[in-house]
1. How much net charge surrounds Asp72 when only the other residues with a Cβ under 15 Å from the Cβ of Asp72 are counted, with Lys and Arg +1 and Asp and Glu -1?
2. Within the stretch 31-67, find all residues whose amide N lies under 13 Å from a label point positioned 7 Å from the Cα of Gln91 along Cα-to-beta-carbon.
3. What is the magnitude of the charge dipole of the chain about its Cα centre, with +1 placed on the Cβ of each Lys and Arg, -1 on the Cβ of each Asp and Glu, and no other charges, expressed in debye to the nearest 20?
4. Quick one: among Arg29, Arg42, Arg113, which has the greatest mean-square fluctuation in a GNM of the chain with alpha-carbon springs under 10 angstrom?
5. Count the lysine pairs in the chain whose Cα atoms lie under 24 Å apart, taking only pairs 8 or more positions apart in sequence or on different chains.
6. Hey, rough spin-label estimate for Arg100 and Lys66, points 7 angstrom out along Cα→Cβ, what's it come to in nanometres?
7. With a 10 Å radius around each residue's Cβ, average the other Cβ atoms per peptide and rank 46-52, 2-8, 19-25, 30-36, highest first.
8. May I ask you to evaluate 6.51 cos²θ - 1.76 cosθ + 1.60, the Karplus curve with θ = phi - 60°, for each residue of the stretch 47-64 and list the ³J(HN,Hα) values in order in whole Hz, giving x for glycine and proline?
Amino acid sequence: MRIDKYLWAIRIFKTRSDAADACRASRVRVNGQDVKASREIREGDIIVVRKGPVFYSYRVIKPVDKRQPAKDVSLYASDITPDEEYAKLDQPRETIVIYRRKGTGRPTKKERRQLDQIMDING
């Protein structure tokens with residue numbers, strides 16, 4: 001069973017091409033190794049998928065090649081993602097909102113340097 005097809009079948013990715021792209025971009029690891037989309041998986045393999053800041057971990061229970069209903073996914077893969085990874089989703093994102101009056105146009109060089117300086121202090 002190919003890893004890209006499996007990730008699509010257990011609904012980790014919406015399309016198979018998304019799964020293949022993730023493999024190509026080194027966002028998918030099987031048993032600690034980066035894999036190509038054609039990598040064969042077996043029962044007991046540990047799959048780690050990076051989506052944004054979170055590394056999701058799954059254990060293969062049974063390989064499957066047909067897209068499964070969401071309620072049946074637990075028959076084919078178990079989610080072993082640590083709670084610390086899910087906590088990354090709850091962290092507040094700090095943003096800087098800089099207000100400029102409407103109609104004042106683009107910032108001047110001096111204003112731009114000040115904005116960059118503010119962003120470097122908080123970034």
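1. +3
2. Within reach of a label on Gln91: 52-55.
3. The calculated dipole for the chain is roughly 840 debye.
4. Arg113
5. Step by step, the pairs that qualify in the chain add up to 21.
6. 5.7 nm
7. 2-8, 19-25, 46-52, 30-36
8. Here the 3J(HN,Hα) series is 10, 10, 10, 9, 10, x, x, 9, 9, 7, 10, 9, 9, 6, 8, 8, x, 9 Hz.
Throughout, read-outs are computed from the coordinates displayed, never taken from laboratory work. A quick note: this is a predicted structure, and the numbers were derived from the prediction, not measured. Glycine also receives a Cβ, built like all others from the backbone with ideal geometry; neighbour counts cover every protein chain displayed.
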